[in-house]
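Chemist: Take a look at the following structure, please.
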Number of protein chains: 2
Amino acid sequence: MNSSILTIGHLARQTGTKVETIRFYEKNGLLPEPSRTEGNYRAYEPDHLNRLSFIRRARDLGFSLDQIRALLTLSDNRGQSCAAVDAIASEHRAEVEKKITDLMALKAELDRMIDQCECGIVDDCRIIETLSPK
Amino acid sequence: MNSSILTIGHLARQTGTKVETIRFYEKNGLLPEPSRTEGNYRAYEPDHLNRLSFIRRARDLGFSLDQIRALLTLSDNRGQSCAAVDAIASEHRAEVEKKITDLMALKAELDRMIDQCECGIVDDCRIIETLSPK
DNA sequence: TTATGACCCTATAGCGTATACAGGGTCATG
DNA sequence: CATGACCCTGTATACGCTATAGGGTCATAA
């Protein structure tokens, strides 16, 4: 057997991914189906490892699987303009910015609510009161 | 028929909730099962409306359904200490704070990545390069 | 009176991103 | 040749809904 051939477990350990997640990526078209050994084990090649590393990095940066699929396709066509790549990344950044803004507004509301609580009995609780209809 | 009896559609309109969501809350033990009319329609009383409003407010503040279930139970025992209420709210606030911190770190990384992009061809793209394994 | 259309019912499947488990097969090591 | 680590497929679960199919009920208008 070729020494550069990897089992799914190797791929998992080398990328910090669970085995089930790798199979999930395959089923969802992010990772190409590898060839199989005689015993029907998946036999990965270095390219698979690179691709999975790419996916994991992009996931760590919060890209969706759809976005990653698009990024992978783009990175496979290395002569094309990278404007499309920039568009995906910028769109994602805008989503992240929006989430931050929303969560900061939320936190401000929670702060207001919690700071009012004097921790007596529920009947006087400002938190419950804030949540209850007028 | 009692004029204070409400159909599921009334409840939906008055709380800005979809009908399916109300049935979902019932199935998941957040909203008690109402009695039924002869035609098997759900017949809600004002208490249901109050409870649903509470749930929606709490959802708007990002509480999980589990947390809301707990908050509802606490608010039904109005003589008890509200320390438990405070604990749930504080725990949630801490989660929100962590999310904000994480997202801000993420945004900083995205900023770095995107700012490097000179939008030439993919082969030179710093975004793809950042994502690719060394 | 009947026909229309708005509303309601149940049951089931789907979204996204995995994770877990059951029930089995394969492989290297002692 | 037995053990245990690893692999396989298929299915179920998590969260918080949303959507759809296929039907029943009810109020209003002609």
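Chemist: Within 22 Å of the chain's Cα centre (by Cα) and under 22 Å from B:Leu110 (Cα atoms): does that describe A:Asp66?
Modeler: Yes; evaluated as a whole, the condition is true for this residue.
Chemist: Say we look at the stretch A:44-58 and pick out the residues that are more than 9 Å from every other protein chain (Cβ to nearest Cβ) and either more than 16 Å from DNA strand C (Cβ to nearest atom) or modelled with pLDDT under 95 (or both); which of these is least open to solvent (accessible area, probe 1.4 Å)?
Modeler: Only one residue fits best here, namely A:His48.
Chemist: Okay, next question. Looking at the stretch B:96-117, is at least one residue modelled with pLDDT of 95 or more, small (Gly, Ala, Ser) and open to solvent by 50 Å² or more (accessible area, probe 1.4 Å)?
Modeler: yes
Chemist: Looking only at the stretch B:56-92, which residues are of a type in the set (A, V, I, L, M), under 19 Å from A:Ile114 (Cβ atoms) and assigned to a helix (DSSP H, G or I)?
Modeler: Scanning the stretch B:56-92 gives B:Ala58, B:Ile68, B:Ala70, B:Leu71, B:Leu72, B:Leu74, B:Ala83, B:Ala84, B:Val85, B:Ala87, B:Ile88, B:Ala89.
Each row is one residue, and each column tells you yes or no for (1) under 18 Å from the mean Cα position of the chain (by Cα); (2) of a type in the set (Asp, Glu); (3) over 16 Å from B:Leu110 (Cα atoms); (4) not assigned by TED's automatic domain parsing to the domain that holds A:Ile5.
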{"position": "A:Asp47", "(1), (2), (3), (4)": "no, yes, yes, no"}
{"position": "A:Glu95", "(1), (2), (3), (4)": "yes, yes, no, yes"}
{"position": "A:Leu106", "(1), (2), (3), (4)": "no, no, yes, yes"}
{"position": "A:Glu109", "(1), (2), (3), (4)": "no, yes, yes, yes"}
{"position": "A:Cys119", "(1), (2), (3), (4)": "no, no, yes, yes"}
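Chemist: Right, next: Could you give every pair whose Cβ atoms fall below 8 Å, whose first residue belongs to the stretch A:116-131 and is within 7 Å of another protein chain (Cβ to nearest Cβ), and whose second residue is open to solvent by 80 Å² or more (accessible area, probe 1.4 Å), counting only separations of at least 6 or pairs across chains?
Modeler: A:Cys117/A:Arg126; A:Ile121/B:Arg78; A:Ile121/B:Gln80; A:Val122/B:Arg78; A:Val122/B:Gln80; A:Asp123/B:Arg78; A:Ile127/A:Gln116
The values are calculated or read from the model by the stated rules, or taken from the named source; none is laboratory data. Treat the numbers as computed from the prediction; the structure is a model and nothing was measured. Note that each Cβ is placed from the backbone with ideal geometry, even for glycine, and that neighbours are counted across all protein chains shown. For the accessible areas, the whole protein counts, side chains as well, though only heavy atoms, and no ligand, DNA or RNA atoms are used. Shrake-Rupley method; radii C 1.70, N 1.55, O 1.52, S 1.80 Å.
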